[in-house]
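S.K.: I have a structure here, written as structure tokens, and I will follow up with some questions on it.
The values are calculated or read from the model by the stated rules, or taken from the named source; none is laboratory data. Since the structure is predicted, the reported quantities are computational estimates derived from the model, not experimental observations. All Cβ positions, glycine included, derive from the backbone under ideal geometry; neighbour counts span all protein chains shown. The accessibility values were calculated without ligands, DNA or RNA, using every heavy atom of the protein model including side chains. Shrake-Rupley method; radii C 1.70, N 1.55, O 1.52, S 1.80 Å.
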Amino acid sequence: MPADNNVMEKLVSLAKRRGFVFQSSEIYGGLGSVWDYGPLGVELKKNLKERWWRSMVHEREDIEGLDAAILMHPKVWEASGHIAGFTDPLVDCKHCKNRFRADDPRIKGTPGEPDAQCPVCGSRGTLTAPRLFNLMFKTFMGPVEEQAAVVYLRPETAQGIYVNYLNVLQASRQKIPFGIAQVGKAFRNEITPGNFTFRTREFEQMEMQFFVKPGTDGEWFEFWKAQRMEWHYGLGIRREKLRFHQHTKEELAHYAKDAYDLEYEFPFGWHEFEGVHNRSDFDLSRHQQFSGKKLEYLDPATKERFIPYVVETSVGADRTALVVMCDAYREETVEGETRVVMGFNPAIAPLKAAVFPLVNKDGMPELARRIFDDLRRHFNVFYDDSGSIGRRYRRQDEAGTPYGITVDGQSVGDGTVTVRDRDTLLQERVAGDRLVSHLGDKLKM
Ligand code: GAP
């Protein structure tokens with residue numbers, strides 16, 4: 001599994017150095033598997049979320065947006081099956097008190113038996129037999145900490161969509177087939193988190209539930225599988241690093257009739273970052289049963305009543321950001337020097353351009369500032385006047401900024417600037433007052 005830990009170490013270090021991702025509460029020693037996004041990371045993730053929203057909601061007439069609350073009625077989680085079934089089998093070491101997933105490959109022997117060896121302290125026979133552990137975070141609503149006041153932090157955003165399906169249907173006057181999309185936080189008390197932001201305890205999901213007539217679910221399932229793969233190609237992720245994996249019977253979640261993972265080849269191996277699921281009528285039927293409210297759809301044309309089937313696309317915003325960062329990271333030698341480049345698709349790059357006065361005199365800073373002020377009204381751009389121009393380029397290569405705009409002696413005379421392309425290193429001269437449209441054209445992807 002540790003195919004290329006080296007790359008991950010370098011990426012984690014770059015992410016901190018350049019302000020993509022920081023460990024949560026780092027000054028207190030950090031909080032396990034919770035991460036914060038710095039100035040560049042927040043832009044990257046926001047660009048991904050906006051791109052997803054545009055393609056799922058704005059560009060489709062048959063999908064509506066929603067922003068449901070994180071806290072929901074606890075019955076939701078009974079109906080969804082999460083209270084009974086959202087569990088991992090875990091084993092404890094009675095000696096060092098560490099807890100592991102029962103299938104942790106580092107465990108030698110059979111947990112619960114005398115031969116089992118703890119992967120942390122090495123004691124023999126101290127691992128308990130596997131016990132089921134629920135992954136939902138619990139908290140209390142109101143002033144009294146008692147069983148009746150328990151609420152959960154949602155482990156998926158999807159349930160907020162199901163319980164609002166009729167509200168959205170009626171308010172939007174949509175007809176089946178139609179979808180509801182949502183971006184929001186989800187929480188899971190993961191026991192073996194790790195690999196940087198790959199598996200975290202707090203994360204964001206971008207989920208879309210598509211409600212269809214039973215019998216048409218197979219077609220829509222294929223449709224959404226293809227659409228989602230295309231979307232990832234559009235991000236510029238290398239095609240050979242993407243593949244589908246169909247869930248086996250053993251892997252299928254309690255709600256799923258069929259499911260495909262979209263997998264990326266991370267430096268630590270192939271892993272899922274999006275799931276496309278045929279959830280059948282499981283969720284709506286269960287909510288109808290548990291709430292006592294009719295959730296059937298009346299087909300206006302045929303007057304048929306049915307509970308719609310759901311095809312779900314569920315992708316992690318954080319995990320997609322990690323895919324994009326892993327895919328963008330490269331080291332190369334330029335003129336005998338190694339440079340590190342984050343080769344993001346310009347459309348999702350956190351910064352679109354950086355503006356540099358070649359030197360801090362002879363009218364260059366004033367002109368560079370004017371250009372910067374003009375550009376920042378249109379794009380997220382950065383101004384840097386410190387250090388040699390070569391060093392400034394290198395810093396922006398690490399940030400993944402696609403264009404470097406330098407104001408030099410000629411600029412002060414004729415108003416033109418050089419635009420350096422991060423990937424080809426080619427420089428072209430462009431009139432300063434044409435920069436907005438010049439960059440605008442390049443960023444349309
Ligand atoms: N509503 C269906 C659902 O939640 P899932 O396969 O459990 O399905 C979907 O999660 C996506 O959410 C995953 O592909 C991943 O991108 C993201 N995700 C799930 N658990 C995560 C975690 N602990 N940390 C980061 N992302 C996670």
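S.K.: Per residue of the range 219-234, what does 6.51 cos²θ - 1.76 cosθ + 1.60 with θ = phi - 60° give for ³J(HN,Hα)? Whole Hz please, x for Gly and Pro, Karplus curve as stated.
M.R.: 4, 5, 4, 5, 4, 6, 4, 5, 4, 5, 5, 4, 4, 5, 4, x
S.K.: How large are Rg and Dmax for the range 81-172 when only the alpha carbon atoms are used, in Å?
M.R.: Cα only, the range 81-172: 19.4, 61 Å (Rg, Dmax).
S.K.: Same structure, new question: So, in Å, what gap is there between the alpha-carbon centers of the range 259-308 and the range 13-57?
M.R.: Value for the Cα centre distance between the two parts: 29 Å.
S.K.: Give the carbon-plus-sulfur fraction of the accessible surface of the range 315-445 in %, rounded to a whole number; probe 1.4 Å, heavy atoms of protein chains only.
M.R.: Working: 2750 of 5600 Å².
Here carbon and sulfur together make up 49 percent of the probe-accessible area.
S.K.: Sticking with this one: Tabulate in residue order the Karplus-calculated ³J(HN,Hα) for the range 376-384, using 6.51 cos²θ - 1.76 cosθ + 1.60 with θ = phi - 60°, rounded to whole Hz; enter x for Gly and Pro.
M.R.: Karplus-based 3J(HN,Hα) across the range 376-384 equals 5, 6, 10, 9, 7, 10, 10, 10, 9 Hz.
S.K.: Shifting gears a bit: I'd like the trypsin sites (Lys or Arg not before Pro) in the range 250-320 restricted to DSSP loop residues with at most 12 other Cβ atoms within 10 Å, sorted by number.
M.R.: Working: sites: 257, 279, 286, 293, 294, 303, 305, 319; in loops: 257, 293, 294, 303.
In loop regions of the range 250-320 (DSSP not H, G, I, E or B), the sparsely surrounded trypsin sites (Lys or Arg not before Pro) are 293, 294, 303.
S.K.: Show me the trypsin sites (Lys or Arg not before Pro) within the range 161-195 that DSSP assigns to loop and that have at most 13 other Cβ atoms within 10 Å of their Cβ.
M.R.: Values: sites: 173, 175, 185, 188; in loops: 173, 175, 188.
Qualifying residues, ordered by number: 173, 175.
S.K.: What Cys residues in the chain are without a partner cysteine, judged by a Cβ distance under 4.7 Å?
M.R.: That list is 326.
S.K.: When the Debye formula is applied to the Cα atoms of the range 137-249, each taken as the same point scatterer, what base-10 log of I(q)/I(0) results at q = 0.10, 0.20 Å⁻¹?
M.R.: At q = 0.10, 0.20 Å⁻¹ the computed log10 ratios are -0.47, -1.29.
S.K.: Could you estimate the translational diffusion coefficient of the range 337-445 from the Stokes-Einstein equation, with Rh from the Kirkwood formula over C-alpha pairs, at 4 °C and 1.567 mPa s, in whole µm²/s?
M.R.: In µm²/s, the coefficient is 95.
S.K.: Could you work out the relative contact order of the chain, using alpha carbon pairs under 8 angstrom and six or more residues apart, expressed as a whole percent?
M.R.: Normalised by residue count, the contact order of the chain is 13 percent.
S.K.: Something else about it: Once all Cα-Cα distances of the chain are split into 10 Å bins that start at 0, what whole-number percent is in each one?
M.R.: All Cα pairs, binned at 10 Å, distribute as 4, 17, 25, 23, 17, 10, 4, 1, 0 percent.
S.K.: Just to confirm my numbers, what's the Cα centroid distance between the range 147-206 and the range 315-333 in Å?
M.R.: 24 Å
S.K.: To continue, here is another question. Using just the alpha carbons, could you tell me how many Å³ per residue the convex hull of the range 159-210 encloses? Could the numbers behind the result be given before it?
M.R.: Numbers: hull volume 4.2 nm³, N = 52.
Taking only Cα atoms, the range 159-210 has a hull volume of 81 Å³ per residue.
S.K.: Hey, can you grab everything whose amide H is under 5 Å from the amide H of residue 383? Only 5+ residues off in sequence or another chain; H modelled, so Pro and N-termini drop out.
M.R.: 355
S.K.: Of 352/442; 175/293; 175/213; 49/185; 257/293; 185/294, which sit over 18 Å apart, Cα to Cα?
M.R.: 175/293; 257/293; 185/294
S.K.: Measuring with a 1.4 Å probe in the full set of protein chains, what accessible area per residue, in whole Å², belongs to the range 77-122? Could the numbers behind the result be given before it?
M.R.: Numbers: 2420 Å² over 46 residues.
With the other protein chains kept in place, the range 77-122 gives 53 Å² per residue.
S.K.: Taking H placed 1.01 Å from N in the peptide plane, check which residues at least 5 places from residue 110 or on another chain put their amide H under 5 Å from its amide H.
M.R.: Under 5 Å from the amide H of residue 110 lie the amide H atoms of 115, 116, each far enough along the sequence or on another chain.
S.K.: Here is a follow-up. Cβ neighbours within 10 Å, averaged per peptide: list 237-244, 75-82 in order, most packed at the top.
M.R.: In decreasing order of mean packing, 237-244, 75-82 become 75-82, 237-244.
S.K.: For the chain, find the longest principal axis of its Cα atoms and tell me its angle to the long axis of helix 5-18, 0 to 90°, nearest 10.
M.R.: On a 0 to 90 degree scale, this one is about 60.
S.K.: Size of the range 265-365 along its principal axes in angstrom, Cα-based, largest extent first?
M.R.: Cα spread of the range 265-365 along its principal axes, largest to smallest: 76, 40, 26 Å.
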